[in-house]
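All remarks here apply to the structure that follows.
Rule-based calculations on the coordinates, nothing more; no lab input. All figures in this text were calculated on a predicted structure; none of them were measured in a lab. Here the Cβ positions follow ideal geometry from the backbone for every residue, glycine too, while neighbour counts run over all protein chains shown.
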Amino acid sequence: MRLGCSGCLGSIVALALVAILVGGTVGALVRMLADPAIIGPVTTQADGARAQRKLFDLGRPRTGETVFTEAEINALLARHLVEARGVRIAAPSVQLIGENRFLVRAQSPLLQLMGEAGLGVVADILPSRWATRPVWLRLGARVRIEDGPRRQLRIDVDEFAVGRQRLPAPALRLLLDPAAVGLLQWTLPEHVQSVGIEPERVVVQTVASR
């Protein structure tokens, strides 16, 4: 997900959100507050422990394949990454689709989203039960490796929705806090050759030396 003029984009998205929230589009607001039919993943402490061990092993150069299950990825996200990085979202979950594509769902109060987008004044006119109510976020993305002086695992977001209301994918960067946006790219060790998403699993290929 690349941005050109971030200020211009921010203005466009902000105007779009204002139109949705105060322009009489009641249906759009209702869709934003709607709860999509979501069944959260079931994970255990053992899933998180296995995922952490696998991450530790990836730090050591070797030739081989490391597989993370969907349960391990979800445990790692919910129990470690979100808390460790101070990301202000709740109930995050990942669905691994395949062909390097995945879906993420999480919750955040509507007031927090509008504050990140600079729409706190608009939020003030909403009923308090709406502003403080958690809303569901949904994003679809693909992963790719970007070569360069520092190889990066990039997450390209091409689908974004709040509740059942679809929004432009670039709005994600304006509605989430910087810690959450920071999860869209990761610096990779030199010995990591590839990262692929298959149905219900992530496969990491490593080599002893590059």
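Dividing the convex hull volume of the alpha-carbon atoms in segment 141-210 by its residue count gives 112 Å³ per residue. As a proxy for reagent exposure, Asp147, Asp156, Asp47 were ordered by neighbouring Cβ count within 10 angstrom, fewest first; the result is Asp147, Asp156, Asp47.
Counting beta carbons within 10 Å around each of Ser194, Ser108 and listing the fewest first gives the order Ser194, Ser108.
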